[in-house]
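Please read the structure below before turning to the comments.
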Amino acid sequence: MERYNRWMNDRLYECCSTLSDAERKRDAGAFFKSMHGTLNHLLLGDRIWLGRFTGNPFDVKSLDQELYSDFFELRSERVSTDIAISRWIASLSEGDLAGELFYMSVVNPAPRQLPLWLAVTHFFNHQTHHRGQLTTLLAQRGIDPGVTDLIWLPGLQRESA
C-alpha cells in the first residue's frame with residue numbers, strides 16, 4: 001500500500017501540474033472544494049496520522065487548514081512526506097501491527113484507541129478515497145490519469161507460466 005500510495009501521488013501531481021494555479025484552486029464542489037484543497041487535505045491527513053504513528057504529533061487547527069498555497073511547495077512536501085511514510089512502513093514488524101494506537105481525534109477531540117493494523121489500513125484507505133475525488137476532477141477537465149487500480153502497480157504483476 002505504501003508503494004501504491006507513492007505511485008498514485010506522483011501520477012496525480014504530474015496530472016495536476018499541467019493545469020494553471022487558478023484552475024487547481026477553483027472551487028469545483030469537491031469535499032475540500034478544489035484540487036489544491038484536496039491535495040492539501042491529503043498531505044495534512046497523512047502528516048496527522050504519521051505523527052500519531054511515530055509519536056511526533058502534527059498539530060492542526062482543522063482538517064481543511066492550508067499547509068502550502070504554492071503548488072510546487074505542496075508537491076515537494078508531498079514527496080518528503082511519502083519518503084517519511086516509506087521509512088516508517090519499512091520499520092514495522094508484524095508484532096508492531098498487532099499493537100494498539102492511542103491518539104486524540106481532530107474531528108471530535110477525545111482519546112481514541114485502535115489496533116495499529118486497522119489505523120494503518122484506514123490511513124491508506126483515506127488516501128485512496130480522496131485520490132478518487134481528484135481523478136474525477138481531472139477527468140472533468142479532460143485529463144486522464146490512467147489506470148488507478150492497485151493491481152496495476154508497476155512490478156506487482158507476475159508473469160503466468
Any idea how far apart T128 and A90 come out in nm if each label point goes 7 Å out from Cα toward Cβ?
2.4 nm
Inter-label distance, nm, simple model (7 Å from Cα along the C-beta direction), L101/L118:
1.2 nm
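Dividing the Cα convex hull volume of the chain by residue count, how many Å³ per residue is that? Don't skip to the end; give the middle numbers.
Numbers: hull volume 20.1 nm³, N = 161.
In the chain, the Cα hull volume divided by residue count equals 125 Å³.
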Loop only per DSSP, at most 13 neighbouring Cβ atoms within 10 Å: give me the chymotrypsin sites (Phe, Trp or Tyr not before Pro) in the range 1-83, ordered by residue number.
F31
At 222 nm, what value in deg cm²/dmol follows for the chain if DSSP H runs of at least 4 each add -39500 (n - 2.57) and the sum is divided by all its residues, to the nearest 500?
-18500 deg cm²/dmol
Hey, fewest Cβ within 10 Å first, where do I48, I143 land in order?
I143, I48
With a cut-off of at most 14 other beta carbons within 10 Å, and DSSP calling the residue loop, which GluC sites (Glu not before Pro) in the range 53-161 qualify? Please list them.
E66, E159
So how do T38, T81, T54 line up by other beta-carbon neighbours within 10 Å, fewest first?
T54, T81, T38
Integer Hz, Karplus 6.51/-1.76/1.60 couplings in order for the range 124-139, x for Gly and Pro
6, 5, 4, 4, 4, 4, 6, 5, x, 5, 5, 5, 5, 4, 5, 4
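Bear in mind these aren't lab numbers, they're just calculated from the coordinates by the rules spelled out. Just so it is clear, the model here is predicted, and its values are computed rather than measured. No Cβ is skipped: glycine too gets one built from the backbone with ideal geometry, and neighbour counts run over all protein chains shown.
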